[in-house]
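K.L.:
What follows is a structure written as C-alpha cells; I'll ask about it next.
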Ligand SMILES: [Zn+2]
C-alpha cells in the first residue's frame, strides 16, 4: 500500500496525455529515486511554467509574454495567417522555420465523438482577424478525418472574407499529426500548399 502522497501524485500524473496509471506510478518511483537530480529540477520547471507562461490573447500561443513573441515580431508578415489545431502544431511548424507569417491556434478540432462544436474553438476570433489586413489564410490542420472536417468548416466560414485560403499539401501521411512529423515532411507540405477547393 503506497502512501497518500504517492497516490495523489500518481493520480495527478496519470491524467497527463499518454500516461496511464501504471506508467504514472513508474514515473513517480523513478522521480523519488532521483530526488536531487530529477525531482527538484521538475519542481522548479513546473513552478517556472506556472508563474511565467501565459496564453496569448491574439493567437492562443503559450509564451512568457502576451501578446506572444510571434505576434509582436514586426519582421513577420502580418498578412499571412496560419491556422493550427493546437499550440504543439504551431511550435512544430515554427521549428521548421519556413512560415514567416503569424499564427492562430484553434484549441482543438471539431469532433462529433468528443462533442467539440465550432463554438468551442477559437473560430470567431479567427474570422475577426481574417477580415482585416490578411491576404492569405493557411489551413494547417492535421491530416486526420477530424482535422480535415475542421478545415472544410473553416474554409466555408471564411468564404465572405477577401482572403486567399490555402491548405497544406497532401503528402502528409493519412492520419498524420503535425507534431509528430519530421521537419522535412512538414516543410514540403507547407511549400506545396494549395488553394482550398
Ligand atoms: Zn500570439
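Readers should treat all values here as calculations from the given coordinates under stated rules, not as data from a laboratory. A quick note: this is a predicted structure, and the numbers were derived from the prediction, not measured. Positions of Cβ are backbone-derived with ideal geometry, glycine not excepted, and every protein chain shown enters the neighbour counts.
K.L.:
Full extension from residue 132 to residue 88: what is 0.36 nm times the residue separation minus their Cα-Cα distance, to one decimal in nm? Each step should come with its number before you reach the end.
P.N.:
Values: separation 44, 0.36 × 44 = 15.84 nm, distance 2.62 nm.
Taking residue 132 through residue 88 to full extension adds about 13.2 nm, to one decimal.
K.L.:
Okay, moving on. Defining a contact as two alpha carbons under 8 Å apart and six or more residues distant in sequence, what relative contact order in percent does the range 4-52 show?
P.N.:
Working: 20 pairs, mean separation 11.0, N = 49.
RCO, the range 4-52: 22 percent.
K.L.:
Right, here's the next one. Rank the residues 33, 102 as a footprinting-exposure proxy: fewest other Cβ atoms within 10 Å of their Cβ go first.
P.N.:
Numbers: 33 10, 102 23.
Ranking 33, 102 by Cβ neighbours within 10 Å, fewest first, gives 33, 102.
K.L.:
Can you put 40, 138 in order, fewest other beta carbons within 10 Å first? Don't skip to the end; give the middle numbers.
P.N.:
Values: 40 12, 138 22.
Least to most surrounded, the residues fall as 40, 138.
K.L.:
Using 0.36 nm per residue of separation minus the Cα-Cα distance, give me the extension gain between residue 111 and residue 15 in nm, one decimal.
P.N.:
Values: separation 96, 0.36 × 96 = 34.56 nm, distance 2.08 nm.
So the chain would gain 32.5 nm between residue 111 and residue 15.
K.L.:
Based on the alpha-carbon gyration tensor of the range 13-77, what equivalent-ellipsoid semi-axes (square roots of 5 times the eigenvalues) come out, in whole Å, largest first?
P.N.:
Working: eigenvalues 222, 44, 15 Å².
Rounded to whole Å, the semi-axes are 33, 15, 9.
K.L.:
I would also like to ask the following. Have a look at the chain and give its Rg and Dmax from the Cα atoms, expressed in angstrom.
P.N.:
19.5, 64
K.L.:
Show me the ranking of peptides 185-192, 103-110, 49-56, 127-134 by mean Cβ neighbours inside 10 Å, starting with the highest.
P.N.:
Details: 185-192: 17.5, 103-110: 22.0, 49-56: 12.5, 127-134: 14.6.
Going from most to least packed, we get 103-110, 185-192, 127-134, 49-56.
K.L.:
If each residue of separation counts as 0.36 nm, what is the full-extension length gain between residue 145 and residue 52 once their alpha-carbon separation is subtracted? If you can, show how the numbers build up before the last one.
P.N.:
Values: separation 93, 0.36 × 93 = 33.48 nm, distance 3.55 nm.
Net length gain for the segment: 29.9 nm.
K.L.:
Ignoring solvent entirely, what values of log10 I(q)/I(0) come out of the Debye formula for the range 43-85 at 0.18, 0.34 Å⁻¹ when each Cα is a single scatterer?
P.N.:
-0.58, -1.16
K.L.:
Apply 1/(1 + (r/R0)^6) to the Cβ-Cβ distance of residue 65 and residue 7, taking R0 = 22 Å, and write down the FRET efficiency to the nearest 0.05. Please list the in-between numbers first.
P.N.:
Values: r = 38 Å, r/R0 = 1.71.
Step by step, r from the Cβ atoms, then E = 0.05.
K.L.:
Quick check on the exposure proxy: order 35, 193 from fewest to most C-beta atoms within 10 angstrom. Intermediate values should be presented prior to the final figure.
P.N.:
Values: 35 9, 193 17.
Ascending number of Cβ neighbours within 10 Å: 35, 193.
K.L.:
Between residue 45 and residue 73, what is the FRET efficiency for a Förster distance of 25 Å, r being their Cβ-Cβ separation, to the nearest 0.05? Provide the component values of the computation, followed by the final result.
P.N.:
Values: r = 25 Å, r/R0 = 1.02.
Efficiency, from the Cβ-Cβ distance: 0.45.
K.L.:
Continuing with the same structure: Per DSSP helix of 4 or more residues, -39500 (n - 2.57); summed, then divided by the residues of the chain. What does that give at 222 nm, rounded to the nearest 500? Mind dumping the intermediate values first?
P.N.:
Numbers: 7 runs with 76 residues, N = 197.
After summing the helix terms and dividing by the residues of the chain, the value is -11500 deg cm²/dmol.
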